[in-house]
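A.B. asks: Got a structure here, written out as structure tokens. Questions coming.
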Ligand SMILES: [Zn+2]
């Protein structure tokens with residue numbers, strides 16, 4: 001039987017507000033345990049939460065970017081369960097009236113667009129972190145993370161493959177980074193993705209039993225885990241077995257999913273409206289204010305770069321991967337440098353240097369003006385493309401402007417015909433055998449002569465000029 | 001001359017301001033009084049002798065240096081055990097918080113300090129404010145100053161008893177279903193529950209968050225107005241506190257009731273109300289009429305559902321509010337637990353008293369999947385109907401009067417075996433919290449047994465001024481010889 005996969009994603013994103021969702025504590029991730037805490041996030045007796053307005057702003061921005069409807073009236077609820085990573089033994093979340101409802105996100109599938117439905121996005125507080133490495137049979141709780149602002153983004157079961165899931169996560173991350181609502185760092189846990197996966201015979205519309213894959217540390221991990229899980233479920237069904245509803249983990253080393261928790265009797269969270277908070281009323285003016293502050297989103301920017309700067313679809317995709325990268329490109333392109341050349345250098349030599357040095361483009365010594373000036377030196381024939389590679393490496397290390405490097409190192413391209421003619425004649429005279437071969441029709445020998453001339457000029461000879469002079473002198 | 005501990009807060013404040021007496025002298029008088037009579041009453045769970053004297057001395061220094069004094073300068077105040085204070089412990093009269101020291105002061109405690117009040121210590125209550133007699137305290141048994149064999153009411157029984165026994169000039173308590181007004185009535189003092197949102201709840205250990213409200217106990221109505229001035233107002237740390245200006249409530253005390261219409265709910269004045277209580281209320285009605293009030297009958301048709309609705313909503317919220325007392329971060333942790341589940345189980349089993357456990361279980365039940373719609377959701381709908389009853393009633397009148405409690409103080413143990421009967425002690429007060437409106441209890445005479453009775457006056461939301469005006473006019477003109485409890 002032919003099966004198709006039905007996948008829905010739940011993504012928790014830590015929103016990068018300065019303070020926690022319900023108190024004034026810092027959201028700084030790298031603080032010693034239990035230092036970013038106060039009576040409120042510790043759930044001391046008598047404390048009350050106050051919703052961080054910036055959290056609502058950023059959540060509205062995310063909702064709008066995901067084409068959601070922003071609820072005019074929503075509320076927070078208490079989700080009750082006992083666990084030591086909670087300071088109150090209930091989590092303040094949104095249950096039946098989330099802030100953002102019914103949107104979509106467009107991904108690229110086999111060269112065409114596909115919309116993944118967004119069911120909802122709701123605000124909630126993060127939990128603390130339980131630490132079991134203290135020894136002596138003791139466990140500890142670090143409450144720094146308790147009360148960090150989270151946005152949970154839930155899709156419709158619209159995803160049909162591991163690749164689509166990967167594309168969805170990539171696009172989502174890019175959007176959220178463009179909005180500056182989250183750094184979406186999966187390793188640090190500021191983005192956590194869970195996939196609900198089931199399979200069903202092609203042509204049917206009901207859902208199969210789903211498994212939930214959790215705690216995967218990277219997008220490619222999610223992709224591989226889904227791939228594995230789809231195959232596992234199909235194999236189980238083909239062998240006459242049944243898929244069990246359960247939570248499964250991902251073993252990246254062995255490349256398999258494994259049972260983490262069998263489905264318990266459905267947990268009763270006893271949700272009810274949070275009486276310590278007032279309803280969240282977002283009027284049209286508030287929503288409009290956030291809408292007007294939204295930056296150009298990745299999809300729009302890709303299209304514009306292709307149109308305005310003549311980039312290929314692939315180049316536009318790579319160049320807009322991050323906002324900093326795209327901003328860098330646009331600064332170079334607007335300075336008058338050739339946009340295609342700029343893109344080539346950014347994706348090629350410059351990217352290689354950055355990767356080697358583990359740097360981001362905005363942190364390196366090569367500013368847009370460095371690159372732009374270098375491209376202009378190539379364009380006006382001052383240096384060759386080959387020499388430019390050395391200039392780039394020098395700029396990367398020293399931060400000097402390209403003109404200074406060319407001057408100091410004497411890298412100026414030799415475009416003086418008279419000087420080059422002398423060199424060409426000498427090389428021809430020194431190599432009578434090859435000269436005779438060329439005149440006998442062996443065209444390949446030309447390359448030999450170019451090489452010799454470049455060697456003699458330490459690569460500074462203008463290649464076009466060298467070619468012209470050679471052919472003239474050889475009488476070709 | 002009457003002793004300082006017998007005087008009202010405004011008398012003390014004026015005398016301190018005029019430097020006729022020092023705050024230290026006042027404080028000593030109260031501490032002495034506590035030493036003399038609190039052995040019998042047992043209102044105080046903690047007395048902060050040295051801290052109180054230090055605060056009084058600071059007020060005196062301020063006065064001596066000619067600085068302006070706060071509106072409660074030198075006024076000795078007691079605090080219910082569930083208000084968070086840096087001083088002493090904050091136990092909610094529960095074993096689970098025995099020894100717990102709060103790292104911060106409740107908003108109202110900060111306000112009291114800023115107003116130059118002197119904090120004498122903390123007073124007893126029903127555990128986590130659950131009860132109507134203060135018998136559910138894990139700490140001690142507080143007696144009614146008028147009859148030591150009787151309860152002081154609850155849950156703020158210690159607050160009422162401390163004021164009635166002249167062991168505090170003012171006290172702050174909390175009222176979730178009558179916990180200020182009922183003990184005030186049973187102890188013969190004034191108790192005010194402000195509108196929900198009038199006073200910040202930050203630092204009040206929550207019982208039922210949508211119903212809880214902090215309010216004052218006082219010896220007269222003017223003091224209640226004075227205290228309300230100090231504790232009211234928007235607090236950025238309490239999202240439910242109202243962003244409305246705070247008027248000077250003492251300015252509302254005109255001494256008459258001209259132009260006020262008083263509503264009497266027909267549902268409350270039936271054969272069910274005992275004749276003695278009815279007689280006392282009827283006398284009050286005559287006094288009010290004489291002061292220019294017009295009296296009309298009104299109807300609160302859904303009031304009969306109040307107790308049921310209350311015990312669903314309040315317990316639901318309490319089941320979540322009390323979940324944090326788990327032994328993980330603070331308070332009591334059972335030493336015998338080997339696993340996490342055991343730690344939760346043993347800590348809560350031994351840390352909470354019977355009534356608290358009963359309400360947590362009830363609240364957990366009404367929120368459970370399959371029961372939520374039938375209980376919690378339905379209760380919220382009826383709560384809206386009860387609110388609408390009051391909206392309609394207040395179209396016909398400015399204030400509503402009822403008895404505060406169906407009976408005067410009862411003897412210890414009289415209702416402890418029957419929780420439902422205990423719950424009915426709050427039958428007249430509970431709907432006020434459900435409707436979020438303000439209410440005040442003012443003494444309206446003594447029963448034949450020599451126990452105080454209370455008249456409850458209710459008003460529109462944020463119209464504390466109207467009920468204070470009515471209560472004050474009544475108090476000034478009722479002509480009753482209430483006297484003082486014969487303690488000493
Ligand atoms: Zn905090």
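The values are calculated or read from the model by the stated rules, or taken from the named source; none is laboratory data. Just so it is clear, the structure is predicted and the values come from calculations on it, not from any experiment. Cβ coordinates were reconstructed from backbone atoms using ideal geometry, including for glycine residues, and neighbour counts include every protein chain displayed.
A.B. asks: Based on this model, can you work out whether residue A:280 counts as surrounded by fewer than 16 Cβ atoms within 10 Å (Cβ to Cβ) and touching a helix residue (DSSP H, G or I) at 6+ places or on another chain (Cβ under 7 Å)? So that I can check it myself, show each step before the final result.
C.D. replies: On the way: surrounded by fewer than 16 Cβ atoms within 10 Å (Cβ to Cβ): no; touching a helix residue (DSSP H, G or I) at 6+ places or on another chain (Cβ under 7 Å): yes.
Criteria not met by residue A:280.
A.B. asks: Would you be able to tell me the number of residues in the stretch A:92-109 that are over 20 Å from the mean Cα position of the chain (by Cα) and either crowded, with 22+ Cβ neighbours inside 10 Å or at pLDDT below 95 (or both)?
C.D. replies: Taking the stretch A:92-109 as the starting set, the residues that turn out to be over 20 Å from the mean Cα position of the chain (by Cα) are A:92-103.
Then drop every residue that is not either crowded, with 22+ Cβ neighbours inside 10 Å or at pLDDT below 95 (or both), which leaves A:94, A:98-100, A:103.
Here the count works out to 5.
A.B. asks: Also, I was wondering about something else. Which of the residues belonging to the stretch A:126-154 are assigned to a strand (DSSP E or B), more than 16 Å from the ligand (Cβ to nearest atom) and either within 14 Å of another protein chain (Cβ to nearest Cβ) or over 29 Å from the mean Cα position of the chain (by Cα) (or both)?
C.D. replies: The first filter runs over the stretch A:126-154 and keeps only residues assigned to a strand (DSSP E or B), leaving A:129-131, A:140-142, A:149-154.
Retained after the next criterion (residues that are more than 16 Å from the ligand (Cβ to nearest atom)): A:130-131, A:140, A:151-154.
Listed by number, the residues that qualify are A:130, A:131, A:140.
A.B. asks: Consider residue A:212 carefully, then state whether it is more than 16 Å from the ligand (Cβ to nearest atom), free of Cβ contacts under 8 Å to residues at least 40 places away in the same chain, under 20 Å from residue A:249 (Cβ atoms) and part of a strand (DSSP E or B). Step through it out loud before you land on a result.
C.D. replies: Values: more than 16 Å from the ligand (Cβ to nearest atom): yes; free of Cβ contacts under 8 Å to residues at least 40 places away in the same chain: yes; under 20 Å from residue A:249 (Cβ atoms): yes; part of a strand (DSSP E or B): yes.
The answer is yes for residue A:212.
A.B. asks: Can you find even one residue in the stretch A:21-28 that is more than 10 Å from chain B (Cβ to nearest Cβ) and more than 15 Å from the ligand (Cβ to nearest atom)? If you could, list the steps in order and put the result at the bottom.
C.D. replies: Within the stretch A:21-28, the subset more than 10 Å from chain B (Cβ to nearest Cβ) is A:21, A:25-28.
Filter once more, so that each one left must be more than 15 Å from the ligand (Cβ to nearest atom): none.
There is no residue in the stretch A:21-28 that is more than 10 Å from chain B (Cβ to nearest Cβ) and more than 15 Å from the ligand (Cβ to nearest atom).
A.B. asks: Another one. Can you say whether residue A:16 is in a loop (DSSP other than H, G, I, E, B), in the same structural domain as residue A:154 (by TED's automatic domain parsing) and more than 14 Å from the ligand (Cβ to nearest atom), as far as the supplied structure shows?
C.D. replies: Numbers: in a loop (DSSP other than H, G, I, E, B): yes; in the same structural domain as residue A:154 (by TED's automatic domain parsing): yes; more than 14 Å from the ligand (Cβ to nearest atom): yes.
So residue A:16 passes the test.
A.B. asks: Same structure again: Would it be correct to say that residue B:400 is closer than 22 Å to residue B:225 by Cα and either away from chain A (no Cβ under 13 Å) or in contact (Cβ under 8 Å) with a residue 40 or more places away in the chain (or both)? Step through it out loud before you land on a result.
C.D. replies: Numbers: closer than 22 Å to residue B:225 by Cα: yes; either away from chain A (no Cβ under 13 Å) or in contact (Cβ under 8 Å) with a residue 40 or more places away in the chain (or both): yes.
Considered against the rule, which asks whether it is closer than 22 Å to residue B:225 by Cα and either away from chain A (no Cβ under 13 Å) or in contact (Cβ under 8 Å) with a residue 40 or more places away in the chain (or both), residue B:400 comes out as yes.
A.B. asks: Given (1) assigned to a loop (DSSP other than H, G, I, E, B); (2) within 25 Å of residue A:187 (Cβ to Cβ); (3) in contact with a helix residue (DSSP H, G or I) (Cβ under 8 Å, 6 or more places away or on another chain), identify the lone condition not met by residue A:30.
C.D. replies: Among (1) assigned to a loop (DSSP other than H, G, I, E, B); (2) within 25 Å of residue A:187 (Cβ to Cβ); (3) in contact with a helix residue (DSSP H, G or I) (Cβ under 8 Å, 6 or more places away or on another chain), residue A:30 violates only (3).
A.B. asks: Hey, another quick one. I'd like to check something: does the stretch B:34-43 contain any residue that is outside any helix (DSSP H, G or I), modelled with pLDDT of 95 or more and assigned by TED's automatic domain parsing to the domain that holds residue B:112? Write out each step before concluding.
C.D. replies: Initial filter on the stretch B:34-43 (outside any helix (DSSP H, G or I)): B:42-43.
Subset that is modelled with pLDDT of 95 or more: B:42-43.
Pick out the ones that are also assigned by TED's automatic domain parsing to the domain that holds residue B:112 and you get B:42-43.
Checking the stretch B:34-43: at least one residue is outside any helix (DSSP H, G or I), modelled with pLDDT of 95 or more and assigned by TED's automatic domain parsing to the domain that holds residue B:112.
A.B. asks: Let me ask something additional. Residue B:328 versus (1) within 14 Å of chain A (Cβ to nearest Cβ); (2) modelled with pLDDT of 95 or more; (3) touching a helix residue (DSSP H, G or I) at 6+ places or on another chain (Cβ under 9 Å): which is the lone unmet condition?
C.D. replies: For residue B:328, the exception is condition (2).
A.B. asks: Just checking, which of B:286, B:342 is more than 16 Å from residue A:270 (Cβ to Cβ), loosely packed, with under 14 Cβ neighbours inside 10 Å, more than 13 Å from every other protein chain (Cβ to nearest Cβ) and over 24 Å from the mean Cα position of the chain (by Cα)? Steps first, please.
C.D. replies: On the way: B:342 fails: more than 13 Å from every other protein chain (Cβ to nearest Cβ).
When all the criteria are applied, what remains is B:286.
A.B. asks: Out of the stretch B:34-86, which residues are within 14 Å of another protein chain (Cβ to nearest Cβ) and closer than 28 Å to residue B:485 by Cα?
C.D. replies: B:79, B:80, B:81, B:82, B:83
A.B. asks: With the checklist (1) touching a residue at least 60 places away in the same chain (Cβ under 8 Å); (2) at positive phi in hand, flag the one item residue B:256 doesn't pass.
C.D. replies: Looking at each condition in turn, residue B:256 falls short on (2).
A.B. asks: Oh, and also: Go through the stretch A:94-125 and count every residue that is in a strand (DSSP E or B) and farther than 30 Å from residue A:313 by Cα. Steps first, answer last, please.
C.D. replies: Taking the stretch A:94-125 as the starting set, the residues that turn out to be in a strand (DSSP E or B) are A:100-109, A:112-125.
Still in the list and also farther than 30 Å from residue A:313 by Cα: A:100-101, A:120-125.
Total satisfying the criteria: 8.
A.B. asks: Hey, among A:197, A:230, which residue is at pLDDT 95 or above, in a helix (DSSP H, G or I) and closer than 17 Å to residue A:161 by Cα? First the steps, then the outcome.
C.D. replies: On the way: A:197 fails: in a helix (DSSP H, G or I).
Of the residues listed, the single one that is at pLDDT 95 or above, in a helix (DSSP H, G or I) and closer than 17 Å to residue A:161 by Cα is A:230.
A.B. asks: For the stretch A:63-71, indicate whether the set of residues that are more than 16 Å from the ligand (Cβ to nearest atom) and more than 31 Å from the chain's Cα centre (by Cα) is non-empty.
C.D. replies: Within the stretch A:63-71, the first condition is being more than 16 Å from the ligand (Cβ to nearest atom), and the residues that meet it are A:63-71.
Filter once more, so that each one left must be more than 31 Å from the chain's Cα centre (by Cα): none.
Looking for residues that are more than 16 Å from the ligand (Cβ to nearest atom) and more than 31 Å from the chain's Cα centre (by Cα), one finds none in the stretch A:63-71, hence no.
A.B. asks: Determine, yes or no, whether residue A:440 is free of Cβ contacts under 8 Å to residues at least 24 places away in the same chain and surrounded by 12 or more Cβ atoms within 10 Å (Cβ to Cβ). Give the derivation first.
C.D. replies: Numbers: free of Cβ contacts under 8 Å to residues at least 24 places away in the same chain: yes; surrounded by 12 or more Cβ atoms within 10 Å (Cβ to Cβ): no.
Considered against the rule, which asks whether it is free of Cβ contacts under 8 Å to residues at least 24 places away in the same chain and surrounded by 12 or more Cβ atoms within 10 Å (Cβ to Cβ), residue A:440 comes out as no.
A.B. asks: Here is a check on your reading of the model: is residue A:85 within 16 Å of the ligand (Cβ to nearest atom), within 13 Å of another protein chain (Cβ to nearest Cβ) and under 30 Å from residue A:195 (Cβ atoms)?
C.D. replies: yes
A.B. asks: So if I check each of A:459, A:399, which one is closer than 30 Å to residue A:354 by Cα and at pLDDT below 85? It would help to see each step written out before you state the result.
C.D. replies: Working: A:399 fails: at pLDDT below 85.
That would be A:459, the only listed residue that is closer than 30 Å to residue A:354 by Cα and at pLDDT below 85.
A.B. asks: In the stretch A:29-54, what count of residues is obtained for those that are near the ligand (Cβ under 9 Å from one of its atoms) and touching a strand residue (DSSP E or B) at 6+ places or on another chain (Cβ under 7 Å)?
C.D. replies: 1
A.B. asks: Looking only at residues in the stretch A:247-279 that are more than 30 Å from the chain's Cα centre (by Cα) and modelled with pLDDT under 90, which one is farthest from the other protein chains (Cβ to nearest Cβ)?
C.D. replies: Among those residues, the one meeting the criterion is A:262.
A.B. asks: Picking from A:323, A:341, which residue would you name as being closer than 17 Å to residue A:371 by Cα and either modelled with pLDDT of 95 or more or not assigned by TED's automatic domain parsing to the domain that holds residue A:65 (or both)? Explain how you work it out, then say what you get.
C.D. replies: Numbers: A:323 fails: closer than 17 Å to residue A:371 by Cα.
Going through A:323, A:341 in turn, just one is closer than 17 Å to residue A:371 by Cα and either modelled with pLDDT of 95 or more or not assigned by TED's automatic domain parsing to the domain that holds residue A:65 (or both): A:341.
A.B. asks: Going through the stretch B:54-73 one residue at a time, which ones are out of contact with any helix residue (DSSP H, G or I) (no Cβ under 6 Å at 6 or more places or on another chain) and in a helix (DSSP H, G or I)?
C.D. replies: Result: B:54, B:55, B:58, B:61, B:62, B:63, B:64.
A.B. asks: Next up: Among the candidates A:186, A:123, single out the residue that is away from the ligand (no atom under 16 Å from the Cβ), at pLDDT 95 or above and closer than 30 Å to residue A:78 by Cβ. Reasoning before the result, please.
C.D. replies: Working: A:186 fails: at pLDDT 95 or above.
So the residue among A:186, A:123 that is away from the ligand (no atom under 16 Å from the Cβ), at pLDDT 95 or above and closer than 30 Å to residue A:78 by Cβ is A:123.
A.B. asks: Let me ask something additional. What's the total number of residues in the stretch B:289-327 that are over 23 Å from residue A:47 (Cα atoms) and not in a helix (DSSP H, G or I)?
C.D. replies: Of the residues in the stretch B:289-327, 10 are over 23 Å from residue A:47 (Cα atoms) and not in a helix (DSSP H, G or I).
A.B. asks: Taking the stretch B:261-277 only, how many residues are assigned to a helix (DSSP H, G or I) and touching a residue at least 60 places away in the same chain (Cβ under 8 Å)? Break it down into steps so the answer makes sense when it comes.
C.D. replies: Filtering the stretch B:261-277 for residues assigned to a helix (DSSP H, G or I) gives B:275-277.
Then drop every residue that is not touching a residue at least 60 places away in the same chain (Cβ under 8 Å), which leaves B:276-277.
So the answer is 2.
A.B. asks: Scan the stretch A:33-60 for residues that are more than 13 Å from chain B (Cβ to nearest Cβ), outside any helix (DSSP H, G or I) and surrounded by fewer than 22 Cβ atoms within 10 Å (Cβ to Cβ) and report the count.
C.D. replies: Qualifying residue count, the stretch A:33-60: 2.
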